[in-house]
1. Please work out which residue is surrounded by the fewest Cβ atoms within 10 Å (Cβ to Cβ), limiting yourself to the stretch 99-138 and to residues that are assigned to a strand (DSSP E or B) and on the phi > 0 side of the Ramachandran plot.
2. Does the stretch 67-80 include one or more residues that are part of a helix (DSSP H, G or I), among the charged types (D, E, K, R), more than 19 Å from the chain's Cα centre (by Cα) and farther than 28 Å from residue 128 by Cβ?
3. When you go through 26, 74 one by one, which is the residue that is among the hydroxyl-bearing types (Ser, Thr, Tyr), surrounded by fewer than 19 Cβ atoms within 10 Å (Cβ to Cβ), assigned by TED's automatic domain parsing to the domain that holds residue 179 and modelled with pLDDT of 95 or more?
4. For residue 47, state whether it is within 22 Å of residue 158 (Cα to Cα), modelled with pLDDT of 95 or more and over 14 Å from the mean Cα position of the chain (by Cα).
5. So which residues in the stretch 139-161 are of a type in the set (Ser, Thr, Tyr) and either touching a helix residue (DSSP H, G or I) at 6+ places or on another chain (Cβ under 7 Å) or assigned to a loop (DSSP other than H, G, I, E, B) (or both)?
6. Name the single residue, out of those in the stretch 1-44 being among the charged types (D, E, K, R) and within 21 Å of residue 90 (Cβ to Cβ), that is farthest from the chain's Cα centre (by Cα).
Amino acid sequence: MEKPKMILAIEAAVSGGSLSLVANGTEIANWTGEADGLRAENLIIEIERLLDFAGVAKTDINQLVVSAGPGSFTGIRIGMATGLGLKDALRISMVSVSALEAMAFSNNHTGIVAVPMGRGGAAAQRFVNGQAEGSPFSITTDEIYRLDPGDDLLNHGKLALVTDKRSGTTNFGKNVAFALAKLASAKPETLHEPIFLSKTT
């Protein structure tokens with residue numbers, strides 16, 4: 001019997017992070033963090049808990065997907081380092097994808113996609129039918145609220161308190177990791193350089 005395609009997706013850059021375990025395209029377990037910061041040792045612990053919960057051994061994983069950001073500088077580095085460590089230990093492939101592109105792809109979104117960067121800052125990018133138009137840019141949460149009402153906004157759940165009264169807004173939730181896995185499954189050769197954006201002030 002053929003071994004199922006088992007993907008572990010790691011999103012450590014955005015507001016507490018998220019993990020998703022996907023078997024043959026179906027998410028079988030996930031975790032989302034509540035704290036604003038994520039430490040490397042905590043990420044490893046949460047990965048082990050996720051695998052234990054799902055009854056999956058590390059050796060069952062045959063692909064890793066890691067967020068390239070944007071988001072926390074430290075979070076991006078932690079996610080990449082953790083992914084590379086697991087890749088080398090398990091001798092499996094790893095791809096990296098943009099969190100913004102994954103969210104847009106998952107919802108076939110036309111408009112703006114935004115994720116928090118902390119301290120009143122956010123990263124955003126414009127998309128048409130899930131495809132990027134232009135590069136990611138920094139924006140304050142106040143500026144997000146004042147975007148043209150014609151720009152449909154898809155935002156990370158952490159931004160919901162800021163944007164929930166803005167018309168044309170969809171709350172994506174906090175499980176960005178599953179979106180990473182979906183994008184990587186559709187575009188298996190994706191390898192995105194880390195997206196480091198400075199916060200606006």
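1. 134
2. Of the residues in the stretch 67-80, the ones part of a helix (DSSP H, G or I) are 73-80.
Filter once more, keeping what is among the charged types (D, E, K, R): 77.
Going one step further and asking which of them are more than 19 Å from the chain's Cα centre (by Cα), we end up with none.
Checked against the condition, which is being part of a helix (DSSP H, G or I), among the charged types (D, E, K, R), more than 19 Å from the chain's Cα centre (by Cα) and farther than 28 Å from residue 128 by Cβ, the stretch 67-80 yields no hits at all.
3. 26
4. Here the answer is yes, as residue 47 does meet what is asked.
5. Those that are of a type in the set (Ser, Thr, Tyr) and either touching a helix residue (DSSP H, G or I) at 6+ places or on another chain (Cβ under 7 Å) or assigned to a loop (DSSP other than H, G, I, E, B) (or both): 141, 145.
6. Checking each candidate, the answer is 2.
The values are calculated or read from the model by the stated rules, or taken from the named source; none is laboratory data. The shown structure was predicted, so the numbers you read here are calculated from the model rather than taken from an experiment. Cβ coordinates were reconstructed from backbone atoms using ideal geometry, including for glycine residues, and neighbour counts include every protein chain displayed.
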